[in-house]
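Student: Please find one structure pasted underneath; my questions will follow.
The values are calculated or read from the model by the stated rules, or taken from the named source; none is laboratory data. These numbers come from a predicted model, not from an experiment. So basically every Cβ, Gly included, is an ideal-geometry build from the backbone, and we count neighbours across all protein chains shown. Surface accessibility is based on the protein's heavy atoms, side chains included, excluding ligands, DNA and RNA. Shrake-Rupley method; radii C 1.70, N 1.55, O 1.52, S 1.80 Å.
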Amino acid sequence: MSPRSASVNEELRRRSRERLLEATVELVSERGFEATTLGDIADRAGAARGLVSYYFPGKRQLLQSAVHRLMHLTLEAALEREPRSADGRERLARAIDAVLGLARDRPRLMRTHMAGILANEGFIQCPEQQRLAELLRGTVVRYGSADPDTDYPLLRALLMGAVVAVLLPGAPMPGPRLRAELFQRYGLDWALGVPPDGGPPGGTFA
């Protein structure tokens, strides 16, 4: 039996890594961060325990990469869904709705993710985060930014702040209100993207 080629080995490693990321999202969503072990993640992914440590230095780093991958895939699907649009305002609206939607639909996962970023672990520059950054930066460029290197980090900060506000224990902000504020800041019509049921809060949008 001939040895596998380098390209085949690379594809197998990519698939193993993605299975670990998917398993992390599933388990942390189901059980929470503390109740999920690296062994649990390896078992769910059908991988050897040592493979987790090979790809990721720790559970927090694994979680950040897993959530960044989820965010990248969610954002990509929102931007490319039918009817596809090249309009920068529509694409920015879809991006905002995609991120706020994750906070709404996966609160435990996103709260744990934000807590890790705000704690000592900080913000990890992983391949998944870089893909997410490329999509968001590209959205800012399509929107018409004259200075995307400044405007992209600002959009990222505003979206992170909105997610924290939605998930703040004991004093959460309503998602539609935060959406309205972000849409107003960027001059977006309420009907763009995926508007929530019930119309704009306070009737501030046409």
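Student: By Kyte-Doolittle mean hydropathy of at least -1.0 and Cα axial length of at least 18 Å, which whole DSSP H helices of the chain are selected? Present the calculation step by step, with values, prior to reporting the outcome.
Tutor: Details: long enough: 6-31 (37 Å, -0.89); 59-80 (31 Å, -0.02); 88-105 (25 Å, -0.11); 127-143 (24 Å, -0.58); 148-167 (28 Å, 1.09).
Helices passing the filter in the chain: 6-31, 59-80, 88-105, 127-143, 148-167.
Student: Using a 1.4 angstrom probe on heavy atoms only, work out the carbon and sulfur share of the accessible area of the chain in %.
Tutor: 54
Student: Taking the Cα centre of the chain as origin and charging only Cβ (+1 Lys, Arg; -1 Asp, Glu), how large is the dipole, in debye to the nearest 20?
Tutor: Dipole of the chain, to the nearest 20 debye: 360 debye.
Student: For the chain, what is the accessible area per residue in Å², given a 1.4 Å probe and the full set of protein chains?
Tutor: Using a 1.4 Å probe on heavy atoms only, each residue of the chain averages 52 Å².
Student: Please compute the length gained on full extension between A86 and D147, using 0.36 nm multiplied by the number of residues separating them and subtracting their Cα-Cα distance. The partial results should precede the final answer.
Tutor: Numbers: separation 61, 0.36 × 61 = 21.96 nm, distance 1.94 nm.
Roughly 20.0 nm would be gained on extension.
Student: Shifting gears a bit: Using a 1.4 angstrom probe on the protein heavy atoms only, could you order R17, R131, R81 from most to least accessible area?
Tutor: In descending accessible area the options line up as R131, R81, R17.
Student: What shape does the stretch 1-78 have by the C-alpha gyration tensor, where a ≥ b ≥ c are the square roots of the eigenvalues, rounded means a/c under 1.5, and otherwise prolate means a/b greater than b/c and oblate the rest?
Tutor: Taking the square roots of the gyration eigenvalues as a ≥ b ≥ c, the stretch 1-78 is oblate.
Student: Using 0.36 nm per residue, how much length does the chain from Y54 to A191 gain when fully extended, once their Cα-Cα distance is taken away?
Tutor: That pair, Y54 and A191, stretches by 44.7 nm at full extension.
Student: What is the local net charge at A48, summed over the other residues whose Cβ is closer than 15 Å to its Cβ (Lys, Arg +1; Asp, Glu -1)? Intermediate results must be reported in sequence, preceding the final value.
Tutor: On the way: positive: R13, R15, R17, R19, R44, R49; negative: D40, D43.
Value of the local net charge: +4.
Student: Near P107, within a Cβ-to-Cβ distance under 15 Å, what is the net charge of the other residues, with Lys and Arg +1 and Asp and Glu -1?
Tutor: Counting the neighbours of P107, the net charge comes to +3.
Student: Hey, another quick one. Which number comes out as Rg/Rh for the chain once both Rg and the Kirkwood Rh are worked out on C-alpha atoms? Don't jump to the answer; show the numbers that get you there.
Tutor: Values: Rg = 18.7 Å, Rh = 18.4 Å.
Expressed as Rg/Rh, it is 1.02.
Student: Next question. Rounded to the nearest 10 Å², what accessible area does E82 show when all protein chains are kept and the probe is 1.4 Å?
Tutor: Accessible surface of E82 is approximately 140 Å².
Student: How much net charge surrounds P201 when only other residues with a Cβ under 11 Å from its Cβ are counted (Lys, Arg +1; Asp, Glu -1)? Don't skip to the answer; put the middle values down first.
Tutor: Numbers: positive: R177, R179; negative: E181.
That works out to +1.
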